[in-house]
């Protein structure tokens, strides 16, 4: 699966002023890294995978729009998936990208 090019373009616009950003094909989509740490990833179906503070992820879960990321049948701590429908408005996408960037920036820099 490839990433959603429209979602990727919207994310790029939001990250334009961020220092030390990069992109990498990952998780069947396109990941956006800040200081070497994955912040968000655009999937092929328009969903957004967001890295969040694990202590806050439960308060942001809002089925069916926002769910914990599942890998191999288990929820990944500190990762949420936001549905394409929930991301239609630019302001909503901005909030989620900011959350991902904040979490990535809070982690130790990778060398």
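Every read-out reported here was derived from the displayed coordinates using simple, explicitly stated rules and does not represent laboratory data. Only a predicted model underlies this, so the values are computations on that prediction, with no experimental measurement involved. No Cβ is skipped: glycine too gets one built from the backbone with ideal geometry, and neighbour counts run over all protein chains shown.
Things to note:
- Residue 9-residue 109 pseudo-label distance in nm [points 7 Å out on the Cα-to-Cβ vector]: 3.3
- Packing-based order for 32-44, 7-19, using average beta carbon neighbours within 10 Å, highest first: 32-44, 7-19
- Separation between Cα centres of the stretch 47-111 and the stretch 15-38, rounded to whole Å: 14
- Extension gain, residue 22 back to residue 94 (0.36 nm per residue minus Cα-Cα distance, nm): 24.2 nm
- Helix-only CD estimate at 222 nm, as mean residue ellipticity for the chain, using -39500 (n - 2.57) per DSSP H run (n ≥ 4): -8500 deg cm²/dmol
- Once the chain from residue 59 to residue 71 is taken as fully extended at 0.36 nm per residue, the excess over their C-alpha distance is 2.3 nm.
- Across the stretch 5-106, Cα pairs under 8 Å and at least six residues apart give a relative contact order of 26 percent.
- Prolate/oblate/rounded label for the stretch 1-61 (Cα gyration tensor, a/c 1.5): oblate
- Compactness of the chain is given as radius of gyration and Dmax, 12.7, 37 Å, from Cα positions.
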